[in-house]
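Here's the structure, in structure tokens; my notes come after.
No value in this document is a laboratory result; all are computed from the given coordinates. Keep in mind the model is a prediction, meaning the values are calculated, not measured. Reconstructed Cβ throughout: ideal geometry from the backbone, glycine too, with neighbour counts over all protein chains shown.
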Amino acid sequence: SSEDSEMSKFLNSGIYRFDSSSSSSNVVFMDPVRVLNSSSYTLFRVSPSLYYSRFFFGYSKEKDEEETRVSLNSKKRKRKQKKSYTLNERERSADQRHQEARPLLLRAHEVLLEAKDLLLSIRNLKIDDDSSSSLGIDEEEDSKQSFIELGSVFQAPFYEISLYYPLKTKPTEDAGYSLAQYVEPKVVPIFNNLVMNESFDDVEAEFLNKRYILPGESCFYMSDLEQIHDLIPAKTDNGFNLIVIDPPWENGSASQKSVYPTLPNRYFLSLPIKQLTHTEGALVALWVTNREKLRIFVEKELFPMWGVSYAAVFYWLKLRADGSLIGELDLFHHRPYECLLLGYCHGEGMDSKLRSTFKPLQENQVIISVPGEYSRKPPVGKLLLDYVPGPKPSRCIELFARELFAGWTSWGNEPLHFQESTYFMKK
Ligand code: SAM
């Protein structure tokens, strides 16, 4: 049946497309772990049990905290509502957006619940495959490297990362090498420098006694916002065709502040999106929170400033492993979905004929997945590639990234965060 074939495609690619002949053709379920493993890694695998650290069964401290916050918020809201019965203008427009999304999201959830085989496999997403071995680093004493701190000290320019490319030709036994031996590592500055894994395979790298896995042909530039201009290509035909951005928006949540620093909106106005765009244009994908004030800022100020014309919105619907949504759909302050706003930035050398060759974006696509760590977004690149203008293979970049993808450039102040070897298993 078509469900069986969709299921086997899902097991390989991590993407399940619901019946394309029906109204649910704009809904996909994604397992980020499978997506990453099938498209980014050759020698290593992302460990499911470490990716899915939240929203599975069992006790979760974070979940408790979130629920307390939600109930406090709704108490506050009730009090407020007693005072004024009518919503103000901003609340009305927020509510209108939500009412537009609501039927789509409910329908998406319904079609998911009807796919029984898929539901069963979602329950098991977190289970590590026995045939792979964990990289076996003691997790208890292993604390994460703070790239943000190290990058801001005066010694930052002297910190170096070592890339260990495996030997191209296997040495013979009598040469006295073991097969596992590596050539001299390539040692380069880790901050304010474009670091690239030039091979097609994953490469292991070392920095301050921790190991990192760099996917094939991935690049990263680790710096503060001030240095982002170093990424602007000398020639625009070296620019990017897909630009994914997940800014550190301020939202006042205490848990967010302890995870990474945030920036006021005006800082994002100066992002050089136009200068990063390829001559033949770029698809820009921007993650936003559900605050109406932010949506208005993006539509009225940010996209116009960047030279981006709005094209569509996609929804990311967040699921628990048992198939339920992570929160009530109508909870005002804690919605179980986030939005990805899409627009086009026109390249310098583009005439109107070229512009019309963009494949039109289908509005309102819904991506369903079980969330990973705090604020980690599902890897949407593959779903967007069809709509990306310009030559193939597309040149792709993620701004404010915390991870790397094969063939992509990642920029941010901690792009190696999720590349630490503790998140991986050996294939
Ligand atoms: N998309 C990422 C993911 O899926 O894991 C999450 C990105 S998170 C919303 C925003 C990132 O921006 C954080 O890693 C944060 O440290 C980084 N950031 C904050 N201030 C920055 C600055 N001034 N320069 C560069 N990066 C910054």
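See the values below:
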read-out	value
Extension gain from S324 to K235, taking 0.36 nm per residue of separation minus the Cα-Cα distance	27.2 nm
Label-point gap, in nm, between E250 and R107 - each point 7 angstrom along Cα→Cβ	3.9 nm
Label-to-label distance, nm, for residues given as Q227 and D4 (7 Å Cα→Cβ offset)	5.5 nm
Segment 274-378: chymotrypsin sites (Phe, Trp or Tyr not before Pro) in DSSP loop, at most 14 other beta carbons within 10 Å	Y374
Beta bridges by DSSP in segment 198-316, antiparallel share as percent, to the nearest 5	45 percent
Label zone at H333, where the point sits 7 Å out along the Cα-to-Cβ direction: segment 219-255 residues whose backbone N lies under 14 Å	251-255
Full-extension gain in nm, D117 to K392, via 0.36 nm per residue minus C-alpha separation	95.5 nm
Förster radius 60 Å - calculated FRET efficiency between D129 and Q155, Cβ distance, rounded to 0.05	0.90
Virtual spin-label span in nm between Y260 and T42, 7 Å along Cα→Cβ	2.8 nm
Local electrostatic count at E299 - Lys and Arg +1, Asp and Glu -1, tallied over other residues with Cβ under 12 Å	+2
At R0 = 22 Å, FRET efficiency that the Cβ-Cβ distance of Y310 and L269 yields, to 0.05	0.85
Within segment 298-327, backbone nitrogen closer than 20 Å to the virtual label 7 Å beyond the Cα of D95 toward Cβ	none
Local net charge near T236, Cβ-Cβ under 14 Å (Lys/Arg +1, Asp/Glu -1)	0
Neighbour net charge for L119 - beta-carbon separation under 15 angstrom, K R +1, D E -1	-4
Members of K116/K382; K9/K382; K9/K359; K9/K426 lying beyond 19 Å, as alpha-carbon distances in this model show	K116/K382; K9/K359; K9/K426
Additional length obtainable on full extension of the chain from Y164 to E373, 0.36 nm per residue less Cα span	72.4 nm
